[in-house]
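The structure under discussion appears below in the form of structure tokens.
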Amino acid sequence: MPQRVLTVEAAVPAADLRAGFDAIRAELQLPGPWPADAQAEAEAAAKAPRMPEADATGLPLVTLDPAESMDLDQAMHLEKREGGGYRVHYAIADVAAFVTPGSVLDLETHRRGETYYMPDMRVPLHPEILSEGAASLLPGQECPALLWQIDLDSSGDTTNVEVRRARVRSRAKLNYQDTQAALDAGTADEVLRLLREIGTLRQDREAERGGISLSVPAQVVVADGDSWSLEYRTPLPVENWNAQISLLTGMAAAELMVYGEIGLLRTMPDPPEFAYHRLHRVARALKIRWPEGVSYSDLIRKLDPAVPAHAAFLQETTTLMRGAGYTAFDGGVPEQAGHSALATTYAHVTAPLRRLADRYAGEVCVALCGGTEVPDWARSELPKLPAVMEGADRRGSAVDRECVDLVETMLLKDRVGEEFDAVVIDLNERIDWDHNGKPDVGIVQLTQPAVRARCDGHDLPLGQETRVRLAEADVTTRRILFEATDPRYTVRDRPAKNGAGNGAGNAAGNGAGHGAKNTDKNPDNGKSTEKS
């Protein structure tokens, strides 16, 4: 079950937020309605997709997603192998069966890059007639798919990988809450029990290689009838096990592409040495014991984000996870091919309905596994995709952050002057008004409502609980400012005009690293590693 779920005491009426969401869409220049010719192409493709000859409709595949999701990229079937080990069947929606290279629809998907999730609507990568209809792996619907078959040994290590095109038909649309409840009650079927078994093994393998998974509660905007509110939400265990199947497939794809010396990798550089030294100083300040010889990845697995000092430390660890991007290559292998947070090579291939890069990376893998040439339409676009995807990622992060900031300010706009219980979870080491070597600006996390925002105060105590007063909540600028009320930490020597902005340290906007989409579609939601 989640380690921490905190819901706001009051919700914001939808009518009060719609204008704000419209303003965000305009500011960030999100795409509007689909061009008529692109929509017409999608409607025609939905009626006549390019179906593969291979028939795998006999596989009893199931999907596992948030209950409200309709854009279903992945379906799985898990089984034990004779003689030991496991076989993972993982079907990925075949978007290339619907989108013709160079078409108006194709060009529009390149303009979008990914699906953008907002509390009141989605701005989809593909028209809904495809993404939530003909191309989605909905139960009972025969669909074209890229069908992965990954064999594992009894410890969860990969022993064989294949991927091919095939027709598939999902048997059931499962959701996280009901699946977790069935597993907890002991009533889940064999496939779901195997998901827990394989997912746990893969988590063990991740720990062995030094990979990182952070269970930091994420702020999530949630709909409740005609209103929205904020929650802190940590993924259910089954979400993490499900994410491991997606990560497994992305790692298998990366290995194929590295072997074939062509593809598109998701990469992240190693953190600089000084970042680790800083983290050790933070651990000492928070009185978190970090024994000599214990790795950073082993330490964070022992921490509980419900403990204030641990939550602050986990927030600080996100500074080590910067610089994620895409690396295209054709001939040879890039010098920087790894993903430091996952401690291996990795590729995005499991979400083509929602992320453009996956369509191309999947196509490369099918060609490599089948011993054929990568199609020109895919090969020629590889060098262009990193810039397209990095732009889309930036815009998606801004959408998440601005939506949360808007809901926060709407929740608090009539409460200026009130005091709240809070925990200092981040500090901005660049702001030291009294020049004593201790930061005077930070980020605080409130228990109720579920808000993270800037706080000004003298020598703020990282990882400790304190009382703060709301000094500002401006709906127009979506800016929130708290000030410490404890006499030990009240503001001193602050310049009359504070132009330091809303953030603190790594923070942007009101909080530190808002990153959760309101739909929880991201299977790694609540982590600071990688979207799978």
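The values are calculated or read from the model by the stated rules, or taken from the named source; none is laboratory data. Not measured: the values here are computed from a predicted model. No Cβ is skipped: glycine too gets one built from the backbone with ideal geometry, and neighbour counts run over all protein chains shown. Note: areas computed on protein heavy atoms with side chains; ligands, DNA, RNA excluded. Shrake-Rupley method; radii C 1.70, N 1.55, O 1.52, S 1.80 Å.
Among DSSP beta bridges whose residues both lie in region 107-252, state the antiparallel percentage, nearest 5.
Here the antiparallel bridges make up roughly 95 percent for region 107-252.
What percentage of the solvent-accessible surface of the chain, computed with a 1.4 Å probe over protein heavy atoms, is contributed by carbon and sulfur atoms?
Numbers: 10070 of 20830 Å².
C and S atoms contribute 48 percent here.
What is the Cα coordinate range of region 315-366 on the first, second and third principal axes, sorted by size from largest, in whole angstrom?
Principal axes ranked by extent give 39, 29, 14 Å for the Cα atoms.
State, as an integer percentage, the relative contact order of region 284-371 based on alpha-carbon contacts under 8 Å between residues 6 or more apart. Intermediate values should be presented prior to the final figure.
Values: 35 pairs, mean separation 11.1, N = 88.
Contact order relative to length: 13 percent.
Which parts of region 104-120 would a label at Arg18 reach, counting a residue when its backbone N lies under 20 Å from a point 7 Å out along Cα-to-Cβ?
117-120
Taking the Cα centre of region 209-306 as origin, work out the dipole magnitude from +1 charges on Lys and Arg Cβ and -1 charges on Asp and Glu Cβ, in debye rounded to 20.
On the way: 10 positive and 11 negative charges, 114 e Å.
My answer is approximately 540 debye.
In nanometres, what is the gap between the two model label sites at Glu429 and Glu162, each 7 Å from Cα along Cα-to-Cβ?
Result for the modelled spin labels: 5.2 nm.
Multiply the residue separation of Glu82 and Glu465 by 0.36 nm, subtract the distance between their alpha-carbon atoms, and state the gained length in nm to one decimal.
Numbers: separation 383, 0.36 × 383 = 137.88 nm, distance 5.45 nm.
132.4 nm is the gain from fully extending Glu82 to Glu465.
Using modelled backbone amide H atoms (1.01 Å from N, in-plane), which distant-in-sequence or interchain residues come within less than 5 Å of Cys455's amide H?
Amide H to amide H, under 5 Å and 5 or more residues apart or across chains, Cys455 pairs with Gly442, Ile443, Val444, Phe482.
Take the alpha carbon gyration tensor of region 447-495, find the square roots of its eigenvalues, order them as a ≥ b ≥ c, and report rounded if a/c is under 1.5; if not, report prolate when a/b exceeds b/c, else oblate.
oblate
Taking the Cα centre of region 146-272 as origin, work out the dipole magnitude from +1 charges on Lys and Arg Cβ and -1 charges on Asp and Glu Cβ, in debye rounded to 20.
In total the dipole reaches around 500 debye.
Roughly what would the spin-label model give for Met70 and Asp226, points 7 Å off Cα along C-beta, in nm?
Going by the 7 Å Cα→Cβ label model, 2.2 nm.
Which whole-number percentage describes the relative contact order of region 171-235, with Cα contacts under 8 Å and a sequence gap of 6 or more?
Working: 33 pairs, mean separation 11.6, N = 65.
Averaging sequence separation for qualifying contacts and normalising by length gives 18 percent for region 171-235.
Looking at the chain only, what percent of DSSP beta bridges run antiparallel? Nearest 5 please.
On the way: 72 of 83 bridges.
Bridges in the chain that DSSP calls antiparallel: roughly 85 percent.
How high is the relative contact order of the chain, in percent, counting Cα pairs under 8 Å that sit 6 or more residues apart?
Here the relative contact order equals 18 percent.
Given the Cα-Cα distance of Asp421 and Gln448 and 0.36 nm per residue of separation, how much length would full extension add, in nm? Could the numbers behind the result be given before it?
Details: separation 27, 0.36 × 27 = 9.72 nm, distance 0.80 nm.
That works out to 8.9 nm of additional length.
Can you show me the helix-derived [θ] at 222 nm for the chain, built from DSSP H runs with n ≥ 4 at -39,500 (n - 2.57) apiece and divided by the number of residues, rounded to the nearest 500. Show your work: numbers first, answer last.
On the way: 12 runs with 164 residues, N = 532.
Using -39500 (n - 2.57) per qualifying helix, the result is -10000 deg cm²/dmol.
If a helix is a whole DSSP H run, which ones in the chain reach 15 Å or further along their own axis (Cα) and hold a mean Kyte-Doolittle hydropathy of at least -1.0?
What comes out of the filter, once short or polar helices are dropped, is 14-27, 36-47, 190-209, 237-260, 273-285, 356-370, 385-412.
Do you know the Lys pair count in the chain for C-alpha distances under 26 Å, with sequence separation 8 or more or different chains?
Qualifying lysine pairs in the chain: 18.
Could you point to the residue in Ala275, Gly140, Asn160 farthest towards the positive end of the chain's charge dipole, with +1 and -1 charges on the Cβ of Lys/Arg and Asp/Glu respectively?
Checking the options against the dipole of the chain, the answer is Ala275.
Which far-off residues, 5 or more places away or on another chain, put their amide H under 5 Å from the one on Trp228, with H placed in the peptide plane?
Val12, Ala14
Placing unit charges on C-beta atoms (Lys and Arg positive, Asp and Glu negative, everything else neutral), compute the dipole magnitude of the chain about its Cα centre in debye, rounded to 20.
620 debye
How would region 208-298 be classified by its alpha-carbon gyration tensor: rounded, prolate or oblate, with rounded meaning a/c under 1.5 and the a/b versus b/c comparison settling the rest?
Oblate, since a/c reaches 1.5 and b/c is not below a/b.
For region 248-298, just list the percent of Cα-Cα distances falling in each 5 Å bin from zero outward, please.
4, 15, 17, 15, 8, 10, 14, 10, 5, 1
By its C-alpha gyration tensor, with a ≥ b ≥ c as the square roots of the eigenvalues, how is region 152-275 shaped: rounded for a/c under 1.5, else prolate for a/b larger than b/c, else oblate?
Oblate shape, in that a/c is at least 1.5 and b/c is the bigger or equal ratio.
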